[in-house]
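Written below as C-alpha cells is the structure these notes are about.
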Amino acid sequence: MIVCQGGHATLSNVIWGETSFVVPPRPPPMPALIRLTALLGLALAGSLGAAPADDIQRELLAGRYAEAIRQAGDAVRAAPTDENLQILLVRGLLDVGRYPDANIAVTDAIGRIPESIRLRWIARESALANGQPEVATKMSLEIRQHVAGRSYLYRDPADLVTFGRVALLLGADPKDVIDKVLAVALQANPALRDGYLAKGELALGKHDFDLAAKTYQAGLKQFPDDPDLHAGLAQAYASGDREAMLVELQAALKTNPRHVPSLLMMVDHAVDSEDSAGAEKLLDEVVAVNPWQPEAWAYRAVLGHLRNDPAGEKLSRQNGLRYWRTNPLVDWLIGKKLAERYRFADAVSYQRQALRFEPTYLPAKEELANDLLRTGQETDGWLLAEEVRAKDEYDVEAFNLSALHDTMAKYATLTNDDFVVRMTEPEARVYGHQVLDLLGRARRTLTEKYGVELVRPTYVEIFGDQKDFAVRTFGMPDIGGFLGVCFGRVVTANGPAANSGQPANWESVLWHEFCHVVTLQMTQNKMPRWLSEGISVYEQRQADPAWGMRMNPRYREMIMNGKSTPVSTLSAAFLAPGSPQNLQFAYFESSLVVEYIVTHYGLEPLKAILRDLSGGMEINQALEAHTAALPELEKNFEAYARMQAQQLAPKLDWERPGSEMMAPGEEKKLGAWAREHPENYWALRIQARELVEAKAWPAAVRLLTRFAELYPTQNGADSAYWQLAAAQRALGETELERSALTRLAEVDENATDATLRLMELAEKAGHWQEVERWSGKFLAVNPLVVPPYRYLAEAARELGDAPAAIAADRNMLRLGSPNPAEVHYQLAQLLHRSNDPEARRQVLQALEDAPRYRDALALLLEINRTPSLGPSLNPTK
C-alpha cells in the first residue's frame, strides 16, 4: 500500500516539491507550426455540423477513431476556444499515430487557450510521442508555473487531476497527491473519469496492485463500459489472477474492439503463452489503428528475437523508435519480455540501452536490478535496487527488495566448487550439509545423463519465509503456489519453515529445480515452459518412486474426459489454468509428454531436441525433427495418455455416482449405491469412511485391504493405506500396520506421519537400519523438529556410527530438545570416546540443566581423570 511516511505535507509542498530533471539531448529543430485551419482543411474535412464533446468521447471510446477525429475537427472549427473539444481532437490524433498532426493541433490550441493546463498536459504527451522530451519537460514546468501563479483559476476538478499528475511527475509525495489532490477532485466530482484513471495509473506505477484494483473498480461503478477503466483493472490483476485479467480485457474489447491498451495486454498474454501466431494477429489489429505504436513494435521485436530472426528484431525496434528515437520504453519492454523468457543476457543489454537513452528511467533500472539478481550478479543488482528505492520510496517492489536485502544479509552461506547455498543461519546449521550433499548428487546424476557442462557455481537460495521467497522471485510478497523457481544459474526455493502450512519434500523440490539448471543451460534458456517443467517432473520420478507427480483419479478423469491440452499449446496451460488443480495437471501432462518421448523415441532424441532449441530452432520444428509430424505426435500422445489413464487401477470401476445422490440429505441413497458397486473407486471411499467412522475395524480392514490391492500406488490423504493402518492399529495388528505404512511411505514423498510411526515401530523392534531409513524420509520433508533426530541418534549409536549420532544430538539441542540434560550427556559420552575435549563442556551443560544427574557426574569424574581432556573447556565449539 502507498502510505505516508513522516509528517503531513502542505499543499504548497505538493506544488513546490523538490524537482530534478535529466534533459535528454536536443532533437532536430521542430518544423514550422502550421495553423490549425490548414490542418483541418487537409485532414479533417467533413460535415459542417459540430458534435458535442460527449458524442466525440463516445466515438473515441468505441474505437471509431476516424469519425471522432472528423467530428472533433468540425467542432473545433466552430468553437476554437473550447478546451474539451481541442483535447479530444489531439487525443484522437495521438490514438491513431498521427503524431506530427497532434503536435500541430495542440500547439495551435494552446495559442488559442493559453491559460489551459490540461492542454499542456496532453501537449506533453504529444511532445514525447514526437521525440521532443525537452518540450515535454517545458510543458510540465509551465503547468506548475501557471498553478503557482494563479491557483484560483485551477480549482475545477479536471484541472486538479492535471495538477496532481504533473506534481507527481515533478517529485511530489504520492500520498499527498492521492489524498490532497486526486481525492479532493473525486469528492467534488465523483463522475470525473480522469480522476480514477490518474489514481489507478499512479498505483500501478508504484506496483500497488490492490490500490489500483480498488480505484478502477470504483471508476467502473460510474462508467461500467469504459474500456480504459477495464484495461486498468486488467493490469492490476495481471500479476496475480490471469483469469480475472482476461475477463476485464474481454469487457474492454466488447465496448471497443480496437482498444489498443487491451489489445497490447492480449499480445502480452499470447507472448507469455508462447502463442506467436496469436500475438502476431493481435499486433496486426494494433498497427491497423496506430501504425507507429511503440509497444506494438517492441512486442514484434520480442517475437523476432524468439524466432531467431535478428533482422526482424532490429527492424521492429527501429519502427518502435520511429518518432522518438531515444524512447526508453521500447528497450525496457523488449528486455522485460526477454527476461520473462529467461533470455537474461539479452534482457540486460536492452535495459542498459534504455538507461543510456534516459539514465533516470526507473522501470529499466528496476528491471535491470532483478535481471542481475536472477543471474547471480548480486553486488550490482542490489546496488541498483537500492537506487530505485532511494529515488522512489513508494515503489512497493523496490521497498520489498530493499527489506529482503537486509534479511538476506543475515543468511549463512555454504559453498563448495559447484554451489553457493544461502539459507537462514539456524537452518544452515541443522541441515545445510544435507542440502549440499543432495545438490551434489543431483549434479552428478543429471549432468552425466544429459551430457552438459554447467557454468560454476550454481546459486541456491532457500528461504525461511514464504514472503521473502516471493519477493526474491517475483518482486511481490503475496504470490503463492510455488515451491521453487530456477532462473538458469540461480535457484530460489521455499525452505521447510516456509512450507509449514503445506509440507513439501525439500529434497524433491531441489532435485526438480536443479534439473531446470541443467536443461536451461543446455538450451541457453531457449525452451518452452512446458518442456522445462515436464523434464523436471519426469526426472523427479526417475530419482525416487515417491517423488514427483503421477497419475491419480483427478488426472485420470481429466484425460478420459478430453481435458488434455494439445502439445503445441501446452505452455499456455500454465498461465490461466482456471484452478490450482488445472495448474497441477499442466505440470503432470507436461511430464507425461516427456515420458512418452523417452519411451517411444529414446533419451537421445530428447537431448537432440534440447540442442536444437539451443541453436534457435522453434520447439514444434524441433519436435518434428526428432519424433513425428506434430499432428501425428499429438494424436499418438493423446492415445498414450489415455492408455496410462486406463492402466491406473484397471480393475476398479471409475464411474462417478449421480449428482442427485451427492446432494445434502441423500446420504442413505448414496450409501446404498456404494454397496451395490463393491469395486467402484468412489463407492469404496464412501464405504471405508462409513466403517472407520463407525469403528467397525474388522470390516474396515477387509474392505481397505481390498481397496489397497486394487489401487496400490495411491498416495496423499485419499490413500487407503492411511485408514487401513489406523484400523490395524486399533486391532493391535502391529505388523500389518507397519506393512501398510511402509507401502504408503514408499509412494508418498510427504508422508511424515507414516514415517514417524514407522520409526517408533522400528525402534521397538530394534530394527535400527529401518529407523535410519524412515528418519531420513521424514527429514527430507521437515528437518526442523526434534523427534526424528532422537530416533536417528539412537539408531546411529546402536549401529556404531558415532559421527551420525553426534550430528543428530547437536541438532536436537539446536532445535530445543525437551530433555536437554540427557542429550548433552549422550553427546558428552560420544565425544569422550573420541577423545574430544568438548566432552567436558557438554557434561557440564548437562549438570547445569540437571545438577543431580548421577550418570553425568560420574562421566565428569571420568573425564577429569583423563589428563588430555581435563584442562580445556574448548569454548569455541
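The values are calculated or read from the model by the stated rules, or taken from the named source; none is laboratory data. Here the structure is a predicted model, which means the values were calculated and not measured. In this analysis, Cβ positions are derived from the backbone assuming ideal geometry, glycine residues included, and neighbour counts consider all displayed protein chains. What goes into the accessible areas is simple: the full protein's heavy atoms, side chains included, and nothing from ligands, DNA or RNA. Shrake-Rupley method; radii C 1.70, N 1.55, O 1.52, S 1.80 Å.
A few comments on the model shown:
- Screening Val485, Val491, Val420 for residues that are surrounded by 21 or more Cβ atoms within 10 Å (Cβ to Cβ) and assigned to a strand (DSSP E or B) leaves exactly one candidate, Val491.
- Residue count, region 216-247 (criterion: open to solvent by 30 Å² or more (accessible area, probe 1.4 Å) and assigned to a helix (DSSP H, G or I)): 11
- Screening Pro310, Pro294, Pro359 for residues that are without any contact (Cβ under 8 Å) to a residue 40 or more places away in the chain and closer than 23 Å to Glu134 by Cβ leaves exactly one candidate, Pro294.
- Cβ-Cβ contacts under 9 Å between residues 6 or more apart (or on different chains), taken from a first residue in region 549-565 that is free of Cβ contacts under 8 Å to residues at least 60 places away in the same chain and of a type in the set (Asp, Glu) to a second residue that is assigned to a loop (DSSP other than H, G, I, E, B) and surrounded by fewer than 18 Cβ atoms within 10 Å (Cβ to Cβ), are absent.
- Elements of the type helices (runs of 4 or more DSSP H) sitting completely within region 636-746 and holding at least 2 residues that are at pLDDT 95 or above and under 28 Å from Arg773 (Cβ atoms): these cover 697-710, 720-730.
- Residue count for region 574-598 satisfying the condition of being assigned to a helix (DSSP H, G or I) and open to solvent by 20 Å² or more (accessible area, probe 1.4 Å): 8.
- First in region 521-547 and of a type in the set (Gly, Ala, Ser), second anywhere and part of a loop (DSSP other than H, G, I, E, B), Cβ under 7 Å, 6 or more apart: Ala546/Asp748; Ala546/Glu749
- Residue pairs meeting the criteria (Cβ under 7 Å; at least 6 apart or on separate chains; first more than 15 Å from Lys138 (Cα to Cα), in region 160-175; second in a loop (DSSP other than H, G, I, E, B) and among the aromatic types (Phe, Trp, Tyr)): Pro174/Tyr394
- Where a residue in region 367-388 is more than 15 Å from Phe474 (Cα to Cα) and its partner, wherever it lies, is among the small types (Gly, Ala, Ser) and in a helix (DSSP H, G or I), with Cβ under 7 Å and at least six apart: Leu384/Ala369; Glu386/Ser402; Val388/Ala369; Val388/Ala398
- Unique residue being buried (at least 19 other Cβ atoms within 10 Å of the Cβ) and either in contact with a Lys or Arg (Cβ under 6 Å, 6 or more places away or on another chain) or assigned to a loop (DSSP other than H, G, I, E, B) (or both) when the list is Ile143, Ile122: Ile143
- Residue pairs whose Cβ atoms lie under 8 Å apart, sitting 6 or more positions apart in sequence or on different chains, and linking a residue in region 680-696 that is more than 15 Å from Leu648 (Cβ to Cβ) and aliphatic (A, V, I, L, M) to a partner that is in a helix (DSSP H, G or I) and open to solvent by 70 Å² or more (accessible area, probe 1.4 Å), are Ala683/Arg675; Ala683/Glu676.
- The C-beta contact set for region 252-265 (first residue more than 13 Å from Ala62 (Cα to Cα), second residue open to solvent by less than 40 Å² (accessible area, probe 1.4 Å) and β-branched (Val, Ile, Thr), distance under 7 angstrom, 6+ apart or interchain) comprises Leu263/Val286; Leu264/Val286.
- Hey, Val388 in a helix (DSSP H, G or I) and either at pLDDT 95 or above or more than 23 Å from the chain's Cα centre (by Cα) (or both) or not: no
Per-residue answers, yes or no, for (1) among the aliphatic types (A, V, I, L, M); (2) over 14 Å from Ala576 (Cα atoms):
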{"residue": "Ala236", "(1), (2)": "yes, yes"}
{"residue": "Gly240", "(1), (2)": "no, no"}
{"residue": "Met245", "(1), (2)": "yes, no"}
{"residue": "Asn256", "(1), (2)": "no, yes"}
{"residue": "Ser262", "(1), (2)": "no, yes"}
{"residue": "Asp268", "(1), (2)": "no, no"}
{"residue": "Asp272", "(1), (2)": "no, no"}
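- Qualifying residue in region 646-656 (condition: closer than 30 Å to Ser571 by Cα, open to solvent by 40 Å² or more (accessible area, probe 1.4 Å) and either within 39 Å of the chain's Cα centre (by Cα) or polar (S, T, N, Q) (or both)): yes
- Selection over region 707-753 of residues that are of a type in the set (Ser, Thr, Tyr), in contact (Cβ under 8 Å) with a residue 60 or more places away in the chain and closer than 26 Å to Pro650 by Cβ gives a count of 2.
- Every residue from region 754-801 that is open to solvent by less than 10 Å² (accessible area, probe 1.4 Å), in contact (Cβ under 8 Å) with a residue 40 or more places away in the chain and either within 20 Å of Glu737 (Cα to Cα) or not aliphatic (A, V, I, L, M) (or both): Pro783
- Hits in region 770-826 - residues which are hydrophobic (A, V, I, L, M, F, W, C), part of a helix (DSSP H, G or I) and over 18 Å from Ala839 (Cβ atoms): Val771, Trp774, Phe778, Leu779, Leu792, Ala795, Leu815
- Test: residue in region 315-337 that is in a helix (DSSP H, G or I), more than 29 Å from Ile619 (Cβ to Cβ) and open to solvent by less than 30 Å² (accessible area, probe 1.4 Å): yes
- Among residues of region 146-164, those that are open to solvent by 50 Å² or more (accessible area, probe 1.4 Å) and assigned to a helix (DSSP H, G or I), counted: 3
- Taking region 376-394 as the range and being surrounded by fewer than 21 Cβ atoms within 10 Å (Cβ to Cβ), closer than 25 Å to Phe419 by Cα and not acidic (Asp, Glu) as the test, the residues that pass are Gly376, Gln377, Thr379, Gly381, Trp382, Leu383.
- Qualifying residue in region 199-207 (condition: of a type in the set (Gly, Ala, Ser), open to solvent by 20 Å² or more (accessible area, probe 1.4 Å) and either more than 26 Å from Glu115 (Cβ to Cβ) or touching a strand residue (DSSP E or B) at 6+ places or on another chain (Cβ under 6 Å) (or both)): yes
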